[in-house]
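S.K.: I am attaching a structure below and will ask some questions about it afterwards.
The values are calculated or read from the model by the stated rules, or taken from the named source; none is laboratory data. Here the structure is a predicted model, which is why all the values come from computation and not from measurement. Here the Cβ is made from the backbone with ideal geometry for all residues, glycine too, and neighbour counts use every protein chain on show.
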Amino acid sequence: MALMPVSNALASVLAGAEPLAEEAVALEDAFHRVLARDVAALRTQPPQAMSAMDGYALRAADADKIGSRLTVIGEVAAGRPFAGTVGAGEAVRIFTGGVVPGGADAVVIQEDTIAEGKHITVKEAAATGRHVRPAGVDFAEGAVLLRMGTRLTDRDLALAAAMNHPHLPVRSRPKVAILATGDELVMPGITPGPGQIVYSNGYALHALARSEGAETIDLGIAADTLEATAAGIRRARDLGADILITTGGASVGDHDLVQQALRDEGVAMAFWKIAMRPGKPMMNGRLGAMRVLGLPGNPVSSYVCGFLFMVPLIRALSGRSVIHHHRERAVLGASVGGNDQREDYLRARLELRDDGTLVAFPVNHQDSSLLSNLAAAQALLVRAPFATKAEAGTPCDVLRLPV
């Protein structure tokens, strides 16, 4: 099979990826969930004109000159409105958040008055509307303030609460099952034997998936046998995974059995091998409703493929309004060599110059096994297929990595 361009591979991965079912969740459980429908305000905020300061509510016409003297006829506190009406020459003591009483159209702050028993003298002239929050200045009942596809932030939750929504309609979280393969893998904390290595890929992939709002299922490490790999695939299906991620065994060696196991279990393969570096031996297929991404075993390749393909797929299934990574323009901080038919994703550090220019410095060694360089990187520097050598200062595209 010919190498598939990255853009075509991503389109294949996302083909038919519709948002998952809607469910209602309590407001306190809605952080970072994705709205399934537009949400409109159930009330007007504030419902009535409110005081923005501690002071006195009055008619601006009665206090438009320094030295104006008014009679205090009552008091307003937050949640305790004044029942009467402010007339000529009158004022009401009011506190921040108190309802501005009828007849009043301004507030003079307490520092600008002299209180003498039941009277005040104004030291600063009033103006109509000053220190008054009009009804609906924040939002009006029926206004759509939260849109479908929004991943809810902490500020969104505060807004939803003020809109009087105790529950919100959100998309179900995608379930991502992760299956590692390889006799050579041992868990962290175990001393590797001859030819063994410590398993690391899954930790990054689980964290990456969870950071995008997915639930993750750890299927452990399958031995390099068709039986063990197939058992892991079946378990993912039985657990209702929306996405199965395999790591390792995606190449062409005698012990790379993932593709065969996937086919044996009925996975319809869409592609195998992508024109990208790192991550050429990546697979994609479907088993019923479950989508399958077979990632390479090298840790950098595994992560880069997860970032480029798994993340947009999770976002699509979550119903996010924006699913693709945002490319930023930068300039090279060092020269880079020419490229072959594969699109390169070079690990890079970023610096922001005083003039606002973003500079990308490729790390010194781009080997797909070097986790220390991946951890130190802040972005992927994208090099198109057949790009020629480029010197420092040349414009380039970067994709920021999560922080």
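S.K.: Give the residues of the stretch 335-367 that are hydroxyl-bearing (Ser, Thr, Tyr) and closer than 20 Å to ARG400 by Cβ, sorted by residue number.
M.R.: Passing the criteria: TYR345, THR357.
S.K.: Note down all Cβ pairs under 9 Å where the first residue falls in the stretch 33-51 and is more than 14 Å from ASP156 (Cβ to Cβ), the second is of a type in the set (Phe, Trp, Tyr), and they're at least six residues apart or on different chains.
M.R.: ARG43/PHE139; THR44/PHE139; GLN45/PHE139; SER51/PHE95
S.K.: Could you list, in sequence order, the residues of the stretch 262-303 that are outside any loop (DSSP other than H, G, I, E, B) and basic (Lys, Arg)?
M.R.: Quick first cut of the stretch 262-303, residues outside any loop (DSSP other than H, G, I, E, B) only: 262-264, 268-272, 274, 276-277, 283-287, 290-295, 299-303.
Within the stretch 262-303, ARG263, ARG277, ARG286, ARG291 meet the criteria.
S.K.: Just to verify a result, which residue in the stretch 99-137, among those that are out of contact with any Ser or Thr (no Cβ under 7 Å at 6 or more places or on another chain) and among the small types (Gly, Ala, Ser), is surrounded by the fewest Cβ atoms within 10 Å (Cβ to Cβ)?
M.R.: Going through the stretch 99-137, the residues out of contact with any Ser or Thr (no Cβ under 7 Å at 6 or more places or on another chain) turn out to be 99, 104, 108-112, 115-117, 124-130, 133-134, 137.
Among the residues that remain, those that are also among the small types (Gly, Ala, Ser) are: 104, 115, 117, 125-127, 129.
Values: ALA104: 26, ALA115: 12, GLY117: 7, ALA125: 16, ALA126: 26, ALA127: 13, GLY129: 13.
Once the filter is applied, the top-ranked residue is GLY117.
S.K.: Of the residues VAL363, VAL359, VAL331, VAL322, only one is over 25 Å from VAL258 (Cβ atoms) and loosely packed, with under 14 Cβ neighbours inside 10 Å; which?
M.R.: Details: VAL363 fails: loosely packed, with under 14 Cβ neighbours inside 10 Å; VAL359 fails: loosely packed, with under 14 Cβ neighbours inside 10 Å; VAL331 fails: loosely packed, with under 14 Cβ neighbours inside 10 Å.
Sole residue among the options that is over 25 Å from VAL258 (Cβ atoms) and loosely packed, with under 14 Cβ neighbours inside 10 Å: VAL322.
S.K.: So, one more: Restricting attention to the stretch 11-50, report how many residues are surrounded by 20 or more Cβ atoms within 10 Å (Cβ to Cβ) and assigned to a helix (DSSP H, G or I).
M.R.: 1
S.K.: For the stretch 51-73, indicate whether the set of residues that are surrounded by fewer than 20 Cβ atoms within 10 Å (Cβ to Cβ), within 30 Å of LEU287 (Cα to Cα) and not assigned by TED's automatic domain parsing to the domain that holds LEU293 is non-empty.
M.R.: The answer is no; no qualifying residue exists.
S.K.: Here's something else I'd like to know. What's the number of the condition GLN259 fails, among (1) touching a strand residue (DSSP E or B) at 6+ places or on another chain (Cβ under 9 Å); (2) at pLDDT 95 or above; (3) buried (at least 19 other Cβ atoms within 10 Å of the Cβ); (4) outside any strand (DSSP E or B)?
M.R.: Answer for GLN259: the failing condition is (2).
S.K.: Could you tell me whether any residue of the stretch 272-288 is touching a Pro at 6+ places or on another chain (Cβ under 8 Å), among the small types (Gly, Ala, Ser) and crowded, with 21+ Cβ neighbours inside 10 Å?
M.R.: yes
S.K.: With the structure loaded, tell me whether VAL336 is surrounded by 18 or more Cβ atoms within 10 Å (Cβ to Cβ), over 26 Å from the mean Cα position of the chain (by Cα), more than 23 Å from TYR199 (Cβ to Cβ) and at pLDDT 95 or above or whether it fails that test. Give the derivation first.
M.R.: Numbers: surrounded by 18 or more Cβ atoms within 10 Å (Cβ to Cβ): yes; over 26 Å from the mean Cα position of the chain (by Cα): yes; more than 23 Å from TYR199 (Cβ to Cβ): yes; at pLDDT 95 or above: yes.
The answer is yes for VAL336.
S.K.: I've got another one for you. Being among the small types (Gly, Ala, Ser) and free of Cβ contacts under 8 Å to residues at least 60 places away in the same chain is the filter here, so list the residues in the stretch 208-230 that pass it. Break it down into steps so the answer makes sense when it comes.
M.R.: Just the residues of the stretch 208-230 that are among the small types (Gly, Ala, Ser), to begin with: 209, 211, 213-214, 220, 222-223, 228, 230.
Selection gives GLY220, ALA222, ALA223, ALA228, ALA230.
S.K.: Looking only at the stretch 199-226, how many residues end up being at pLDDT below 95 and surrounded by fewer than 19 Cβ atoms within 10 Å (Cβ to Cβ)?
M.R.: So the count comes out to 3.
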